[in-house]
Amino acid sequence: MSASGVPAATEDAAAAAASGTVLETPNNRESRDGRGTTPRSYSFGSHGRLRPGWHYPQKGKYELHPSLIQEMTSQLENTRLPEKDYWDDTEVTTAVLWGFTNLLLLIIAVLALQLPLLNYLRGRPPIDLEFLLWSLDGAVTTLLLYAAMVLGSFSVFALHWLAANGWISVPLRELLYRFACGIHLLVPYKVFLNRSLSPVPAFFIGLQSLVLLLKNHSYYFGIRAKQIERHGMCPDLVSLKRFLYFLVIPSLVYRVEGYVHSPRIRMGFLLRRTLEALGCMFLIYELVVYSMMPVFKQVNQLSTVEFIVELMIPAVLLWTLLFIATFEVILNVFAEVTYFGDRRFYEDWWNSTNLAEFSRKWNRPVHDWLYLHVYRCLMRRGYTKLVAQLFVFLFSAIFHEMLLSITFLRVRAWMFTLMMLQIPLIYLAKLVPAEDAGHPVLRRGANLFFWFGMFFGPALLFLLYSKDYYQNT
């Protein structure tokens with residue numbers, strides 16, 4: 001104790017602070033001797049500030065304290081999702097970012113409501129309904145075509161039921177199945193091209209046609225493979241209840257052994273998803289009507305560069321909103337009402353470093369179908385891995401081209417060509433170790449290049465198809 005009544009250690013610390021020196025403590029003395037203490041862990045409460053009990057920095061060196069962003073990043077990277085087949089999205093750690101989430105939602109709400117409010121204040125209709133009325137034109141025809149396709153899907157079930165009960169032979173079943181597939185694919189396709197449907201209902205009916213085709217194929221070969229495995233027709237495998245369930249669940253792969261089921265239907269979850277669906281549709285409508293349609297109508301007056309620059313941001317926003325509406329909202333609603341427990345409809349495609357990783361992650365239902373019914377089928381037949389991968393890409397390119405051909409009511413090959421041109425880019429990307437976590441600079445650069453493609457590719461496709469569409473209408 002000093003004469004002033006202040007503890008000597010405190011007095012020495014004050015003098016040291018005034019002179020700019022650092023007192024030697026047991027902690028930093030051990031650090032200089034090479035016997036330093038173990039690194040301390042930081043919590044969200046620190047925010048990079050000194051707390052009581054932290055050791056003093058070494059003399060002549062700086063001690064780096066993590067910022068809040070660094071702490072959040074480290075914490076979120078170490079957060080693992082529950083390793084269960086069915087898990088509630090509320091179990092994911094999001095408490096740290098709830099303020100930023102609120103800010104993002106508020107910005108989206110203001111941008112969505114800004115234009116209708118300004119139109120109302122200026123004496124104009126809040127929303128232009130011309131595009132909506134155009135999209136609803138032919139809605140009755142669209143629903144009738146969809147109902148006819150769903151009824152046609154029962155032919156696949158009927159063929160298995162007739163063969164399992166001895167009404168038809170197996171070779172006849174195989175022949176009739178291929179005939180039914182051709183009818184399901186070609187007849188609706190011909191009907192679409194002969195009717196003047198607007199792109200929105202044409203896109204919907206074309207997408208549902210392909211979905212039903214993939215489901216029918218998976219159901220037929222799933223039952224057939226199990227019958228071959230059991231060396232019998234096994235009538236118990238052909239169940240109308242299971243077939244109807246498979247038609248409505250958000251999966252394209254039929255599993256004879258069944259699916260993981262969720263424990264109950266959550267009404268709050270359904271309500272939230274319904275509101276999200278309405279919000280996504282409203283944003284998509286505003287984006288198309290006010291940001292994209294004016295550019296489409298000037299496609300023959302604008303240069304190629306002007307058109308692409310005008311549509312780069314709207315195109316990637318439209319793609320993102322459609323992705324959210326489909327994989328995060330619609331598929332989850334169907335999964336909830338059918339007690340379907342496997343909600344892994346996509347992975348972290350936004351972190352992709354090449355197109356192969358993106359193709360594998362962004363659409364898990366289609367990826368699983370292609371892997372099971374194309375890739376593994378070809379591998380079992382003795383084809384090499386490279387050939388099997390090329391056929392997977394070929395099938396995917398054909399399906400995408402068929403969908404766009406139905407949407408714009410004319411057969412072109414722009415989408416097919418661009419997707420096939422991605423193959424050499426994929427194999428060139430394998431020469432760069434961008435997926436390795438030990439090369440963060442390469443990984444970031446590859447991800448930026450991927451996102452540039454996401455901005456440029458959809459805008460280029462819109463240019464090619466809209467120019468052709470407006471020149472012939």
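Values in this text are rule-based calculations from the coordinates and carry no lab data. Just so we're clear, the structure is a prediction, and the values are computed from it rather than from any experiment. Glycine also receives a Cβ, built like all others from the backbone with ideal geometry; neighbour counts cover every protein chain displayed.
Backbone phi angles across the stretch 206-216, fed through the Karplus curve with coefficients 6.51, -1.76 and 1.60 (θ = phi - 60°), yield HN-Hα couplings of x, 5, 5, 4, 5, 4, 5, 4, 5, 5, 4 Hz in residue order; Gly and Pro are listed as x. Computed over the alpha carbons of the stretch 358-400, Rg followed by Dmax gives 10.0, 29 Å. Of the peptides 221-232, 363-374, the ranking by mean beta-carbon count within 10 Å, highest at the top, reads 363-374, 221-232. Here each label is just a point 7 Å from Cα along the line to Cβ, and for THR384 and ALA413 those points are 2.5 nm apart.
Relative to the Cα centre, the charge distribution of the stretch 268-342, modelled as +1 at Lys and Arg Cβ and -1 at Asp and Glu Cβ, gives a dipole magnitude of about 120 debye. Computing FRET efficiency as 1/(1 + (r/R0)^6) for LEU162 and LEU317, where r is the C-beta to C-beta distance and R0 is 56 Å, gives about 0.70.
Beyond 24 Å, what share of the Cα-Cα pairs of the stretch 250-342 is found? Please give it as a whole percent. Cα-Cα pairs in the stretch 250-342 separated by more than 24 Å: 43 percent. Annotation: amide H of PHE340 within the under-5 Å range of SER262, sequence separation 5 or more or interchain, hydrogens built in the peptide plane. Once the piece of chain linking ARG376 and HIS400 is laid out straight, how much longer is it, given 0.36 nm per residue of separation minus the C-alpha distance between them? Extra length available between ARG376 and HIS400 comes to 6.5 nm. Our summary gives the stretch 221-320 a relative contact order of 21 percent, counting only alpha carbon pairs under 8 angstrom and 6 or more residues apart.
Under conditions of 10 °C and 1.306 mPa s, the stretch 181-299 yields 87 µm² s⁻¹ as its translational diffusion coefficient, taking Rh as the Kirkwood radius over Cα pairs in the Stokes-Einstein equation. Measuring from a point 7 Å past the Cα of GLU174 along Cα-to-C-beta, which residues in the stretch 195-224 have an amide N at less than 20 Å? 216-224, by backbone N distance to the label point.
Here the Karplus relation 6.51 cos²θ - 1.76 cosθ + 1.60, evaluated at θ = phi - 60°, turns the backbone of the stretch 415-429 into coupling constants of 4, 4, 5, 5, 5, 6, 5, 6, 4, x, 5, 5, 6, 5, 5 Hz, with x for every Gly and Pro.
Measuring r between the beta carbons of PHE221 and ILE107 and using R0 = 41 Å, the FRET efficiency lands at 0.30.
Work out how much length VAL305 to LYS467 would gain on full extension: take 0.36 nm times their residue separation and subtract the Cα-Cα distance, in nm to one decimal. Before the final figure, lay out the partial values.
On the way: separation 162, 0.36 × 162 = 58.32 nm, distance 1.36 nm.
Fully extending the segment from VAL305 to LYS467 adds 57.0 nm.
For the stretch 346-473, the C-alpha radius of gyration divided by 2.2 N^0.38 Å, with N the number of residues, is 1.17.
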